[in-house]
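Undergrad: I'd like to ask some things about the structure below.
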Amino acid sequence: MARILGGITTSHIPAVGNAIANELQDDPYWKPFFAGYPKVHDWLADTKPDIVINIYNDHGLGFFLDKMPTFAIGAAHEYRNEDEGWGIPQLDPFPGAPEMSWHIIEGMVEDEFDITSCQELAVDHGFVVPMQLFWPGAPHHPDMPRAIPISANTVQHPIPTLNRALNFGKSLRRAVESFPEDLKVVVLGTGGLSHQLDGERAGFINKEFDRYCMDKIVHDPEALTKISRHELVRQAGAQGTEFLMWMMMRGALGDDVTEVTRNYHIPISNTGAGTMLLECGG
């Protein structure tokens, strides 16, 4: 039976991809951000997951406003990296895990989630930057796990509620744990935290709300489901809706989790950047 080892959160802003490409990890601007990752690297080196489920949001590369699935799951043998306009160097394809992907899709549809299945899927910075942050040199890191991308709609309203996102993760957990092969799985919840890139509130960051979300998501994620979609936009900014992907990840971890490490830093590219590692118990 497959088992979920834990979940990791991270921002996925494209400027991070350029910082990695230009080796700016020790630059004074970037160092406090990259300081949040060594403990995660150590944990991944110790646990060596076989599969990474990367929950991200597409930024107009695979999907656009005219056709935006609420939840899409990749079921390809590999995932091509393409740049949607930020000038990030293109990486080699990431290996997929189609057998587990189809098992998850079947299980979640049986659980009454409507899933868009993608047998081809180009992936942008939302997927690629987290992979580079957690497995430096990806996709050529020696311990690189096979990947299953899950894209959530955080752009075209109506977006999912935080309650729906948490329940998605719970269904995802059931599907993973029913997979018959003995595989170790880690789940990434990417994006955010608070940020707004346009309009009258461009540059908006809500540190207090970010801290609240990081505290509650560990042992009381249900409390966060009381936040409406309108309130999420008000408190976190128009692009802070990406927090719902953190909730999808958290739902997949079960009730018993231990916080291993966290880091919070602002501002990075006008974004409240949060990194957390939550390990599943028992």
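The values are calculated or read from the model by the stated rules, or taken from the named source; none is laboratory data. Quick caveat: nothing in here was measured; it's all calculated off a predicted structure. Counting neighbours? That spans all protein chains shown, and the Cβs are built from the backbone with ideal geometry, glycine included.
Undergrad: Six or more apart or on different chains, Cβ atoms under 9 Å: show the pairs whose first residue is in segment 110-138 and without any contact (Cβ under 8 Å) to a residue 12 or more places away in the chain and whose second is assigned to a helix (DSSP H, G or I).
TA: Qualifying pairs under 9 Å: 110/175; 112/171.
Undergrad: I'm trying to understand the selection: among the residues of segment 190-205, which are in contact (Cβ under 8 Å) with a residue 12 or more places away in the chain and either charged (D, E, K, R) or within 12 Å of residue 238 (Cβ to Cβ) (or both)? Steps first, answer last, please.
TA: First, pick out the residues of segment 190-205 that are in contact (Cβ under 8 Å) with a residue 12 or more places away in the chain: 190-199, 201-205.
Result: 192, 194, 195, 196, 197, 198, 199, 201, 202, 203, 204.
Undergrad: While we're here: Being loosely packed, with under 14 Cβ neighbours inside 10 Å and polar (S, T, N, Q): is that true of residue 22 here? Give the derivation first.
TA: On the way: loosely packed, with under 14 Cβ neighbours inside 10 Å: yes; polar (S, T, N, Q): yes.
The answer is yes for residue 22.
Undergrad: Select, from 201, 250, the only residue that is among the basic types (Lys, Arg) and not in a loop (DSSP other than H, G, I, E, B).
TA: On the way: 201 fails: not in a loop (DSSP other than H, G, I, E, B).
After applying the criteria, what remains is 250.
Undergrad: Now a separate question. Looking at 115, 88, 105, which one is of a type in the set (A, V, I, L, M, F, W, C), crowded, with 16+ Cβ neighbours inside 10 Å and within 18 Å of residue 244 (Cβ to Cβ)? Spell out the reasoning first.
TA: Values: 88 fails: within 18 Å of residue 244 (Cβ to Cβ); 105 fails: within 18 Å of residue 244 (Cβ to Cβ).
None of the others qualify; the one that does is 115.
Undergrad: From the list 242, 279, which residue is in contact with a Gly (Cβ under 6 Å, 6 or more places away or on another chain) and under 15 Å from residue 165 (Cα atoms)? Break it down into steps so the answer makes sense when it comes.
TA: Values: 279 fails: under 15 Å from residue 165 (Cα atoms).
None of the other options fit; the residue is 242.
Undergrad: On the given criteria, is residue 70 out of contact with any Cys (no Cβ under 7 Å at 6 or more places or on another chain), exposed (fewer than 15 other Cβ atoms within 10 Å of the Cβ), touching a residue at least 24 places away in the same chain (Cβ under 8 Å) and polar (S, T, N, Q)? Can you show your working first?
TA: On the way: out of contact with any Cys (no Cβ under 7 Å at 6 or more places or on another chain): yes; exposed (fewer than 15 other Cβ atoms within 10 Å of the Cβ): no; touching a residue at least 24 places away in the same chain (Cβ under 8 Å): yes; polar (S, T, N, Q): yes.
No.
Undergrad: Which members of segment 156-200 meet the condition of being within 23 Å of residue 16 (Cβ to Cβ) and either surrounded by fewer than 19 Cβ atoms within 10 Å (Cβ to Cβ) or touching an Asp or Glu at 6+ places or on another chain (Cβ under 6 Å) (or both)?
TA: 191, 192, 193, 194, 197, 198
Matching residues to (1) over 19 Å from the mean Cα position of the chain (by Cα); (2) more than 14 Å from residue 162 (Cα to Cα):
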site: 210; (1), (2): no, yes
site: 224; (1), (2): no, no
site: 227; (1), (2): yes, no
site: 250; (1), (2): no, no
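Undergrad: Kindly indicate whether residue 271 is in a helix (DSSP H, G or I), in contact (Cβ under 8 Å) with a residue 60 or more places away in the chain and under 19 Å from the mean Cα position of the chain (by Cα).
TA: Values: in a helix (DSSP H, G or I): no; in contact (Cβ under 8 Å) with a residue 60 or more places away in the chain: yes; under 19 Å from the mean Cα position of the chain (by Cα): yes.
No; evaluated as a whole, the condition is false for this residue.
Undergrad: Another question about this same structure. Do you know which residues across segment 226-241 are part of a loop (DSSP other than H, G, I, E, B) and surrounded by fewer than 16 Cβ atoms within 10 Å (Cβ to Cβ)?
TA: 226, 228 - these are the residues of segment 226-241 that are part of a loop (DSSP other than H, G, I, E, B) and surrounded by fewer than 16 Cβ atoms within 10 Å (Cβ to Cβ).
Undergrad: Could you please let me know if residue 143 is under 20 Å from residue 176 (Cβ atoms) and acidic (Asp, Glu)? Before you say what the answer is, go through the steps one by one.
TA: Values: under 20 Å from residue 176 (Cβ atoms): yes; acidic (Asp, Glu): yes.
Spelling it out, residue 143 is indeed under 20 Å from residue 176 (Cβ atoms) and acidic (Asp, Glu).
Undergrad: Oh, and also: Taking into account only those residues within segment 25-41 that are among the aromatic types (Phe, Trp, Tyr) and crowded, with 18+ Cβ neighbours inside 10 Å, which is nearest to residue 262 (Cα to Cα)? Working first, answer last.
TA: Applying the first criterion (among the aromatic types (Phe, Trp, Tyr)) to segment 25-41 yields 29-30, 33-34, 37.
Right, trim to crowded, with 18+ Cβ neighbours inside 10 Å and you get 30, 33-34, 37.
Numbers: 30: 16, 33: 11, 34: 12, 37: 9 Å.
Only one residue tops the list, namely 37.
Undergrad: Then there's this: Take segment 26-40 and flag every residue that is modelled with pLDDT of 95 or more and touching a helix residue (DSSP H, G or I) at 6+ places or on another chain (Cβ under 7 Å).
TA: Answer for segment 26-40, where residues must be modelled with pLDDT of 95 or more and touching a helix residue (DSSP H, G or I) at 6+ places or on another chain (Cβ under 7 Å): 37, 40.
Undergrad: Still on this structure, I have one more. Please return the ranges of helices (runs of 4 or more DSSP H) entirely within segment 7-71 where 1 or more residues are in contact with a strand residue (DSSP E or B) (Cβ under 7 Å, 6 or more places away or on another chain). Give the steps one after another, and end with the answer.
TA: Values: elements: 14-21, 31-34, 38-47.
Ranges flagged: 31-34, 38-47.
Undergrad: Moving on to the next point. What about residue 244, is it outside any strand (DSSP E or B) and within 16 Å of residue 12 (Cα to Cα)? Lay out the reasoning, then the answer.
TA: Details: outside any strand (DSSP E or B): yes; within 16 Å of residue 12 (Cα to Cα): yes.
For residue 244, the condition - outside any strand (DSSP E or B) and within 16 Å of residue 12 (Cα to Cα) - is met.
Undergrad: Do you know which residues across segment 81-117 are among the aromatic types (Phe, Trp, Tyr) and in a strand (DSSP E or B)?
TA: In the first step, residues of segment 81-117 are kept if they are among the aromatic types (Phe, Trp, Tyr); the result is 86, 94, 102, 113.
Answer for segment 81-117, where residues must be among the aromatic types (Phe, Trp, Tyr) and in a strand (DSSP E or B): just 94.
Undergrad: Would you mind finding the one in 160, 149 that is closer than 14 Å to residue 248 by Cα and in contact with a Ser or Thr (Cβ under 8 Å, 6 or more places away or on another chain)?
TA: On the way: 149 fails: in contact with a Ser or Thr (Cβ under 8 Å, 6 or more places away or on another chain).
Going through 160, 149 in turn, the sole match is 160.
Undergrad: If you don't mind, there's one more thing I want to ask. Can you find a residue that is closer than 24 Å to residue 197 by Cα and acidic (Asp, Glu) anywhere in segment 31-49?
TA: No, the conditions are met nowhere in segment 31-49.
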